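Report on the structure given below.
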Amino acid sequence: MEPILKDFPNEFYTERLLIRLPLPGDGEAVFQAMQASREELKKWMAFAQKNQSLEDTEVNVREAHLQFLKRENMRLHLFRRETGEFIGTSGLHRIDWDVPKFEIGYWIDQRHNGKGYITEAVEGITQFAFRELKANRVEIRCDAKNTKSRAVPERLGFALEGVLHQDSVEIGGDQLRDTCIYAKVRKKAGEQT
């Protein structure tokens, strides 16, 4: 089946979060969160290396919306259920519908850091991938030095499958970095948990 024909919910809830596809008009909230988190994001995220205008951010949100609808890349926006406040992004990337497998990425508005929102979001997205998308594999890849990012899959029981040494150039620098690969896989029929 062509990925664009796959039907599944565009939003879902966890205990404290609404998680949904990006919508036109989200650019303002995303822009404000990026501005508030710029110094932290610059350490780890390629998109944070250049200054983006509000218009650039809105264009990016609208492109992400289209990619989601086409099932090419499924960015997800995170909102607090109580207030509707935007707190970060996550999503399912590097999609291989033949397996199917997905990679989860994430960042949070630093004003909401340390409250467990990203762990909650990643757990919800992982369950969504297995339940709604019939995933056989969900990965999280991160810089080996990014201890906060590494803590998320470790808390959620993802297995560290390996470290790719000198895998890429570090974000915003010229040194080579190591990339950790964490994964959860669907249990095969008859396999013990």
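The table that follows gives values for the structure above.
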quantity: Failed item, numbered, when Phe102 is tested on (1) at pLDDT 95 or above; (2) surrounded by fewer than 19 Cβ atoms within 10 Å (Cβ to Cβ); (3) not basic (Lys, Arg); calculated: (2)
quantity: Among the residues listed as Ile108, Ile87, the single one being within 18 Å of the chain's Cα centre (by Cα), open to solvent by less than 50 Å² (accessible area, probe 1.4 Å) and modelled with pLDDT under 95; calculated: Ile108
quantity: Members of the range 16-37 found to be within 19 Å of Trp107 (Cα to Cα), in a loop (DSSP other than H, G, I, E, B) and either of a type in the set (Ser, Thr, Tyr) or open to solvent by 50 Å² or more (accessible area, probe 1.4 Å) (or both), listed by number; calculated: Arg16, Leu23
quantity: Only one of Glu72, Glu63, Glu40, Glu58 that is in contact (Cβ under 8 Å) with a residue 24 or more places away in the chain, within 23 Å of Arg94 (Cα to Cα) and not in a loop (DSSP other than H, G, I, E, B); calculated: Glu58
quantity: Strands (runs of 3 or more DSSP E) contained entirely in the range 117-185, each with at least 3 residues that are surrounded by 14 or more Cβ atoms within 10 Å (Cβ to Cβ); calculated: 137-143, 176-185
quantity: Count - residues of the range 42-76 that are in contact with a Phe, Trp or Tyr (Cβ under 6 Å, 6 or more places away or on another chain) and surrounded by 17 or more Cβ atoms within 10 Å (Cβ to Cβ); calculated: 2
quantity: Single residue of the range 75-84 satisfying the filter (in a strand (DSSP E or B) and in contact (Cβ under 8 Å) with a residue 60 or more places away in the chain) that is nearest to the chain's Cα centre (by Cα); calculated: Leu78
quantity: Filter pass, Phe31 being closer than 26 Å to Gln127 by Cα, more than 15 Å from the chain's Cα centre (by Cα) and of a type in the set (A, V, I, L, M, F, W, C); calculated: no
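The values are calculated or read from the model by the stated rules, or taken from the named source; none is laboratory data. Because the structure is predicted, anything quoted here is derived from the model rather than measured. Backbone-built Cβ (ideal geometry, glycine too); neighbour counts: all protein chains shown. The accessibility values were calculated without ligands, DNA or RNA, using every heavy atom of the protein model including side chains. Shrake-Rupley method; radii C 1.70, N 1.55, O 1.52, S 1.80 Å.
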